[in-house]
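The values are calculated or read from the model by the stated rules, or taken from the named source; none is laboratory data. Note that this is a predicted model, so its numbers are computed, not measured. Virtual Cβ from ideal backbone geometry, glycine too; neighbours counted across all protein chains shown.
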Amino acid sequence: MIPKELIEPKSIVVVGGSNDLSKPGGRVIKNIVDGGYKGELFVVNPKETQVQGLACLKSVSELKEVDLAIIAISSKFIPETLEILINQVGCKSFIVLSAGFSEMGEEGKILEEKITDMVKKADGCLIGPNCMGVMTTSYKGLFGGPMPVLDTKGCDFVSGSGATAVFILETAIPMGIKFSSVFTVGNSALIGVEDIIQYWDETFDEKTSSRIKLIYVEQINEPQKFLKHCRSLIKKGCRIAAIKAGTTDAGSRAVSSHTGALAGSDLAVDALFRKAGVVRCSGRVELAYVAGIFNYPEFRGKRIAIVTHAGGPGVMLTDSLSKGGFDIPHIKGEDANELLSNLNYGSSVANPIDFIATGTAEQLGIILDYIDNKFDNIDGSVVIFGTPGLTDVTPVYELINEKMKICRKPILPVLPSIVQASDAIDTFISLGRVFFKDEVVLANAMSKVYNIPKPFEEVSKYKFDSNRISKLINENENGFLKPELVKELLDIAGIKRAKEYIATYEEQVLQACSKVGFPLVMKVIGPIHKTDVGGVILNISSDYEAVQSYKRLMKIQGASGVLIQPMLHSDFELFIGAKYEKDFGFIILCGVGGIFIEVLKDFTYGLCPINSDEALYMIRNLKSYQIFQGVRGKQKVDEHKYADIIVRLSALLEIAPEIKELDLNPLLIKDYEIVVADARILIEK
């Protein structure tokens, strides 16, 4: 879908080119010319004879042939312009900068569909409309600035918003970050963010392609395509960071289950990114910092040395890294004492390594050598070095650059004096380096990069009777399944459920009691949240009490029967839920269960299909995970059995897309087994 003519055009025409640099058609020509484009550049404007020193054509019909058309004219004139370019000139690649399309309402939407259909019929490529343009190592076809340094090993960047792309460039370029390509897709009438990611994947060359991909997206229209190609790129050695803006507030939804109250489209995005291995960023500064980290080798572990000549920043960085899951090991012993002897009085090597304000470039070099060669409990370092403006720190920054070349352990540079050491920082950037100005923002970005797992595989080890499942669902109406049908579905999936009986009239109560035994629990069937309406009675210990409890429960509005189960005791309760999210598929949640699930909100989540590794990752990232190990004499939870239920549920959901919401809450631990005490399944065919 992305032709060579868009990436490396031999000829470009700017339709609506202008001498006015405040107009998109004027600025884009200047950027193409200043960017050193080596192909033929044509300009069309009926009101001009010359534009920025280039001869100007009156009409696109005067063109013989052209690879790429960049269009910056009023939207109403674009269909006739495209018709000539397609049918007479033979052009098939178009970038439409003009606004006035679907973003303006129904009339604009019709116009957008018209030009999209024209390009589709020609088997062409359309970027936009309403976009900022495209930049590759061949040409700078953006009308917004600033223009970054082009480097085939720089970042590939795609944005659903042109203005946001400009602001991200504004943030990244001063840090020394280079770019290989920038795509702004605007309204994404034909080519969207997912299509650009697909292009990156399908044309990836391990020798020439950039390994850093940056994404800004407001709407993920094709989650599975996004997942497939991001995962593929990461397996090829790429690193990807993305911002997803415009998330939906789950609290505004009408919900009918605990899962519905917890799960929303933002969780689906989060789960999608994690499954793909994409680092999700909250804003453009964080995206730029993650991109900067991607420019340097990966840390092989989480043990970090902090090197600074200013105590405060070292302390703040220590706190932030520790919160993010890194270790700041204590450095001591003979080698540490030897290093300290090479530093000025008042220095400390305990970690942070503080060689105080009077420390020299030579001393910094010695410190980095010790970290690299003698401190085996360190995997990499962060160096913080600024200046109060008394001396030129260029030699220090040149030394950091040299050490980054030769040291085996990665070094990340924090150079905070962006005003007083601006010339030294410019020198550092000119050496091909990226720097960071804030140690806490860097630590948070490092934590996001470090904590993102590698992409999970989608191999399911369970195959269930799909015909039996389909028959069960098709024979029932939309809504919540009856308890006996819920039990049958869970039985098919091999998910253990507490023994239970249903009573719809009084005589069945005593029969059920004799089979279940005392003590037992009775739950009303019908109302959505049983606890909220007093629909659960615990520790029933006699026939008389059971009959009276049954009568009481059946008086609850909406009651259609009573569920009778043995009274199971567990040190704590677990929860597993699932919710179907349009376009994304099923999200599965797990965590601490019971009646306080929406209060405690200790849960994690994943996007189906989920295998054992991903299920274990979800469990191990619960805040309450330590409880699973057994504390203060409490029973341990077998995390592998818990994970197995998640995997089985995932396999069931893949067969039954009619399930829209599902709650297994609570799950109880009985004799080292995990059993479902209560379950609800909502189907929508």
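Side notes on the structure shown:
- Residue ID - nearest to the chain's Cα centre (by Cα), chosen from residues in the range 462-511 that are β-branched (Val, Ile, Thr) and part of a loop (DSSP other than H, G, I, E, B): ILE495
- Any hit, the range 184-201, residues being of a type in the set (S, T, N, Q), assigned to a strand (DSSP E or B), assigned by TED's automatic domain parsing to the domain that holds LEU150 and in contact with a helix residue (DSSP H, G or I) (Cβ under 6 Å, 6 or more places away or on another chain): yes
- Screening ALA546, ALA578, ALA559, ALA615 for residues that are in a loop (DSSP other than H, G, I, E, B) and under 29 Å from LYS482 (Cβ atoms) leaves exactly one candidate, ALA559.
- Within the range 26-64, being in a helix (DSSP H, G or I) and under 16 Å from MET147 (Cα atoms) holds for GLY26, ARG27, VAL28, ILE29, LYS30, ASN31, ILE32, VAL33, ASP34.
Listed here are the residues, each with its yes/no results for (1) polar (S, T, N, Q); (2) modelled with pLDDT of 95 or more; (3) surrounded by fewer than 24 Cβ atoms within 10 Å (Cβ to Cβ).
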| site | (1), (2), (3) |
| --- | --- |
| ALA165 | no, yes, no |
| THR171 | yes, yes, yes |
| VAL182 | no, yes, no |
| LEU190 | no, yes, yes |
| ARG211 | no, yes, yes |
| LEU214 | no, yes, no |
| HIS229 | no, yes, no |
| ILE234 | no, yes, yes |
| ARG239 | no, yes, yes |
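For (1) crowded, with 19+ Cβ neighbours inside 10 Å; (2) assigned by TED's automatic domain parsing to the domain that holds PHE179; (3) in a loop (DSSP other than H, G, I, E, B), each residue gets a yes or a no:
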residue: GLY312; (1), (2), (3): no, no, no
residue: LEU317; (1), (2), (3): yes, no, no
residue: LEU321; (1), (2), (3): yes, no, no
residue: PRO329; (1), (2), (3): no, no, yes
residue: LYS332; (1), (2), (3): no, no, yes
residue: GLU338; (1), (2), (3): no, no, no
residue: TYR345; (1), (2), (3): no, no, yes
residue: GLY359; (1), (2), (3): yes, no, yes
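- Residues located in the range 20-29, provided they are over 36 Å from the mean Cα position of the chain (by Cα) and buried (at least 16 other Cβ atoms within 10 Å of the Cβ): GLY26
- Among the residues of the range 138-163, the ones that are of a type in the set (Val, Ile, Thr) and modelled with pLDDT of 95 or more come to 1 in all.
- The numbered conditions (1) among the small types (Gly, Ala, Ser); (2) farther than 25 Å from ILE646 by Cβ; (3) surrounded by 15 or more Cβ atoms within 10 Å (Cβ to Cβ) are all true for ALA615 except (2).
- Residue check for ILE71: closer than 22 Å to LEU150 by Cβ, in contact with a helix residue (DSSP H, G or I) (Cβ under 9 Å, 6 or more places away or on another chain) and either of a type in the set (A, V, I, L, M) or at pLDDT 95 or above (or both): no
- Take the conditions (1) part of a helix (DSSP H, G or I); (2) assigned by TED's automatic domain parsing to the domain that holds VAL393; (3) among the small types (Gly, Ala, Ser); ALA288 misses just one of them, which is (2).
- Some residue of the range 601-612 being in contact with a helix residue (DSSP H, G or I) (Cβ under 9 Å, 6 or more places away or on another chain), touching a residue at least 12 places away in the same chain (Cβ under 8 Å) and assigned to a helix (DSSP H, G or I): yes
- The residues of the range 436-461 that are at pLDDT 95 or above and assigned to a loop (DSSP other than H, G, I, E, B), listed by number, are LYS437, ASP438.
- Index of the failed condition, LYS579 passing every other in (1) among the charged types (D, E, K, R); (2) surrounded by fewer than 19 Cβ atoms within 10 Å (Cβ to Cβ); (3) touching a residue at least 24 places away in the same chain (Cβ under 8 Å): (2)
- Scanning the range 365-400 for residues that are in a loop (DSSP other than H, G, I, E, B), over 19 Å from ALA310 (Cα atoms) and either without any contact (Cβ under 8 Å) to a residue 24 or more places away in the chain or not assigned by TED's automatic domain parsing to the domain that holds LEU340 (or both) returns a single hit, ASP376.
- Qualifying residues in the range 633-658 (those that are of a type in the set (Asp, Glu) and part of a loop (DSSP other than H, G, I, E, B)) - the one modelled with the lowest pLDDT: ASP638
- For the range 45-64, a residue qualifies if it is modelled with pLDDT of 95 or more and within 23 Å of LYS4 (Cβ to Cβ), and the qualifying residues are VAL60, LEU63.
- Residue count, the range 625-679 (criterion: of a type in the set (Gly, Ala, Ser) and touching a residue at least 40 places away in the same chain (Cβ under 8 Å)): 5
- Single residue of LYS109, LYS76 found to be touching a Ser or Thr at 6+ places or on another chain (Cβ under 9 Å), more than 21 Å from ASP123 (Cβ to Cβ) and either surrounded by fewer than 17 Cβ atoms within 10 Å (Cβ to Cβ) or not assigned by TED's automatic domain parsing to the domain that holds VAL44 (or both): LYS109
- Members of the range 364-398 that are surrounded by fewer than 16 Cβ atoms within 10 Å (Cβ to Cβ) and among the charged types (D, E, K, R): ASP369, LYS374, ASP376, ASP392, GLU398
This table checks each residue for (1) of a type in the set (Val, Ile, Thr); (2) over 27 Å from the mean Cα position of the chain (by Cα).
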residue: ILE619; (1), (2): yes, no
residue: TYR625; (1), (2): no, no
residue: VAL631; (1), (2): yes, yes
residue: LYS634; (1), (2): no, yes
residue: VAL637; (1), (2): yes, yes
residue: HIS640; (1), (2): no, no
residue: LEU653; (1), (2): no, no
residue: LEU662; (1), (2): no, no
residue: LEU667; (1), (2): no, yes
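- Residue count, the range 354-383 (criterion: more than 22 Å from PRO297 (Cα to Cα) and either in contact with a helix residue (DSSP H, G or I) (Cβ under 9 Å, 6 or more places away or on another chain) or among the charged types (D, E, K, R) (or both)): 7
- Set ILE645, ILE610, ILE674: member being surrounded by 20 or more Cβ atoms within 10 Å (Cβ to Cβ) and over 20 Å from ALA271 (Cα atoms): ILE674
- One residue alone among ILE406, ILE411 is exposed (fewer than 15 other Cβ atoms within 10 Å of the Cβ), more than 24 Å from the chain's Cα centre (by Cα) and either farther than 13 Å from GLY386 by Cα or free of Cβ contacts under 8 Å to residues at least 24 places away in the same chain (or both), and that residue is ILE406.
- When LEU321, LEU340, LEU317 are checked against the criterion of being in contact with a helix residue (DSSP H, G or I) (Cβ under 6 Å, 6 or more places away or on another chain) and over 19 Å from LYS403 (Cβ atoms), a single residue qualifies: LEU321.
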